[in-house]
1. For a quick check of understanding: with a 1.4 angstrom probe and all protein chains in place, what accessible area in square angstrom does ARG40 have, to the nearest ten?
2. What do you get when you divide the Cα radius of gyration of the chain by 2.2 N^0.38 Å, with N the number of residues?
3. State, to one decimal in nm, how far the label point of LEU33 lies from the label point of GLU64, with both points 7 Å from Cα in the Cβ direction.
4. Pairs of lysine in the chain with Cα under 23 Å and at least 8 positions apart or on different chains: total?
5. With every protein chain present, what is the per residue accessible area of the chain (1.4 Å probe, Å²)?
6. Given the options GLU72, GLU47, GLU34, state which has the largest fluctuation in a GNM of the chain using a 10 Å cut-off (strictly under) for Cα springs.
7. Against the empirical 2.2 N^0.38 Å scaling, what ratio does the C-alpha Rg of the range 1-48 come to?
Amino acid sequence: MVESGRKISELGKGLVVYPQMLHNIRMKHQVPLESMKGFRKAQAEFEKGLGSRGRILVRYSGTEPLLRIMAEGENLDEVEAIVKALGEKAKEESP
């Protein structure tokens, strides 16, 4: 706003809001994500399928033993399927 001198309502006109889903998975151990090969492969495939129509964010909580999987995209059913599938894959690969 400061740089452009425009109102926030003007700047937000081009913003597209997609449906978003967050899935928290309780983990017994904080397994390094890099070592979860099947999970990472599935994540990469979903990201490729979404392309520029969405995104996936995966991280561990800093305060609880949770793996947080968030996806957003144009289609809510697709987003729900992605977080569910990645959640199941994470559970498979955790000790």
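1. ARG40 has an accessible surface of roughly 90 Å² with all protein chains in place.
2. Working: Rg = 16.4 Å, N = 95, 2.2 N^0.38 = 12.4 Å.
Normalised by 2.2 N^0.38 Å, the Cα Rg of the chain equals 1.32.
3. Between LEU33 and GLU64, the simple spin-label model gives 1.8 nm.
4. So the count of such lysine pairs works out to 15.
5. On the way: 6580 Å² over 95 residues.
Spelled out: the 1.4 Å probe surface of the chain, per residue, equals 69 Å².
6. GLU34
7. On the way: Rg = 19.0 Å, N = 48, 2.2 N^0.38 = 9.6 Å.
Against the compact-globule rule of thumb, the ratio is 1.98.
The values are calculated or read from the model by the stated rules, or taken from the named source; none is laboratory data. No experiment lies behind these values; they were computed from the predicted model shown. We place every Cβ from the backbone using ideal geometry, glycine too, and count neighbours over all the protein chains shown. The area values use the complete protein model at the heavy-atom level, side chains included, leaving out ligands, DNA and RNA. Shrake-Rupley method; radii C 1.70, N 1.55, O 1.52, S 1.80 Å.
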